[in-house]
Amino acid sequence: MTDYFDSRFPSVEALKAQAKKRMPGFAFDYLDGGCFSEVNLARNTNDIREVQLKPYYLRDYKGATQETELFGETYASPFGVAPVGLQGLMWPNSCEILAKASFDHNVPFVLSTVGTASIEKVAEITEGKFWFQLYHPAEDELRDKLLNRAWEAGCRTLVILADTPTFAYRPKEIKNGLSIPPRMTARNIFQMCTHPTWSFSQLAAGAPEFKTMKEYIPKGLNMKHLAQFMNKTFSGRLTEAKIKPIRDNWKGNIVIKGIVNPEDAVAAIRLGLDGMIVSNHGGRQLDSGQSTIVPLTELAQQFKGQIKIMMDSGIRSGTDIANALASGADFTFLGRTPMYGVGALGKNGGHHTFTMLKRQIQQVMEQVACERVSDFPNHLISK
């Protein structure tokens, strides 16, 4: 299955269009939307595509390899699946589908605390080769329980989330009354009825749940009280004081996600963290913030070699991955593109998407005469 490719959908744009046809509107809006007026959502990808690469056509060229070493693991390509919450709401069993495809393609899969598959299920699918992204709980006891479960399941890379200190203001979600399960408005019921593949798949999979959190959620809560419970459980921002005990107790790698300024990068290094992901949460939190490629470029110039520097938010295609790597990223993550793939092709969506991305990266590397992923910065045309 690792070479599965459906030629009807050779681009992320084609996958997105097909996913939009197959998904109910409220589910697609949750996947595709951003906060406020979605200014930074558009800026993210637009600015990545302003990057230009220099090709060398007469150079002695031995071919390209996408293999990338990260935290002692050698991955097949320089990208992984970013943590996405409520995946099973957008497409049934999508969390499990993408975990399996990631394992088969040898790229990292990051499970969100609010994903719709449990730590143990993803560990089973990936033979323990997965990353876990922690929304920091208000109570230390719950934090320790989650971290112990992740470690016992085989996870050795922990991602702590810094870029969601408050709940987002997303007009589309407010309008749709998004919850788990979705609120049964006449509009949402109509959308489900007009998308039978999604509806029957959801019926077979069962209502999406926060599977990792399920054992800590009081039984019998209605949707209003469930939302209140989750808001209370994960309230507050990440601070250095909260990071220190995690660093003291977690024996594996720790990556902090959401770094966009030098001051926070210095703090991450001082705290002994192993990596940082330059991210603005996919344009879903701060509409007036910078696009990710801008701080990535600056942070890579200052901190390259001191800490692993990765990036997500706005990356959609193999060309976008190449541009991020050329701008200084050691590795990249994508959230929406793999979900477009699953929305478009169901159980084959992960395999198709990863095959597509690998082919696109390979074409760029061969075109510009880049032999190794780490050589991409040599092809950057600086502004």
| said: Show me, for the range 318-334, the HN-Hα J-couplings you get by feeding each phi into the Karplus relation (A = 6.51, B = -1.76, C = 1.60, θ = phi - 60°), rounded to Hz, glycine and proline as x. | reply: x, 5, 4, 4, 4, 5, 5, 5, 5, 7, x, 5, 7, 6, 9, 9, 10
| query | Can you list the lysines whose alpha carbon sits under 19 Å from that of LYS21, skipping same-chain ones fewer than 8 residues off? | reply | LYS172, LYS347
| Range in the chain, longest, excluding exposed chymotrypsin sites (Phe, Trp or Tyr not before Pro) [loop by DSSP; at most 13 other beta-carbon atoms within 10 Å] | 170-383
| said: What does the net charge come to around GLN52 if you take all other residues with beta carbon closer than 15 Å to its beta carbon, with K and R at +1 and D and E at -1? | reply: 0
| What net charge do the residues around LYS129 carry, taking every other residue with its C-beta under 13 Å from that of LYS129, with Lys and Arg at +1 and Asp and Glu at -1? | -2
| Listed here are the pairs LYS145/LYS251; LYS145/LYS242; LYS16/LYS175; LYS54/LYS383; LYS257/LYS308; LYS257/LYS358; which of them are more than 18 Å apart at the Cα? | LYS16/LYS175; LYS257/LYS358
| query | What does the range 303-383 give for Rg and for Dmax, in Å, if only its C-alpha atoms count? | reply | 13.6, 42
| said: Within 13 Å, Cβ to Cβ, of TYR61, how many net charges do the neighbouring residues add up to if Lys/Arg are +1 and Asp/Glu are -1? | reply: -1
| How much length, in nm to one decimal, is gained on full extension between SER7 and LYS242, taken as 0.36 nm per residue of separation minus their Cα-Cα distance? | 79.8 nm
| task | Over the chain, give the accessible area per residue in Å² for a 1.4 Å probe, as an integer. | result | 43
| Convex hull volume per residue in cubic angstrom - Cα atoms of the range 1-115 | 178
| request: Positive end of the charge dipole of the range 74-166 (Lys, Arg +1 and Asp, Glu -1 on Cβ, about the Cα centre): tell me which of ALA123, VAL159, VAL81 has its Cα farthest that way. | output: VAL81
| Per-residue [θ]222 nm for the chain (sum of -39500 (n - 2.57) over DSSP H runs n ≥ 4, rounded to 500) | -13000 deg cm²/dmol
| remark: Here the convex hull volume per residue of the chain, taken over Cα atoms and given in Å³, is 131
| said: Explain nothing, just compute: Karplus ³J(HN,Hα) = 6.51 cos²θ - 1.76 cosθ + 1.60, θ = phi - 60°, for every residue of the range 374-382 in order, whole Hz, x for Gly and Pro. | reply: 5, 8, 4, x, 5, 9, 6, 8, 6
| said: Can you compute the charge dipole magnitude of the chain about its Cα centre, using +1 on each Lys and Arg Cβ and -1 on each Asp and Glu Cβ, nothing else charged? Give it in debye, rounded to the nearest 20. | reply: 940
| field | Rounded percent of accessible protein surface that carbon and sulfur make up, the chain, 1.4 Å probe | value | 52
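The values are calculated or read from the model by the stated rules, or taken from the named source; none is laboratory data. Quantities reported herein were computed from a predicted structural model and do not represent experimental measurements. Don't worry about glycine lacking a Cβ; one is built from the backbone with ideal geometry, like all the others, and counts go over all protein chains shown. Heads up: the accessible areas ignore ligands, DNA and RNA and are worked out on the full protein's heavy atoms, side chains in. Shrake-Rupley method; radii C 1.70, N 1.55, O 1.52, S 1.80 Å.
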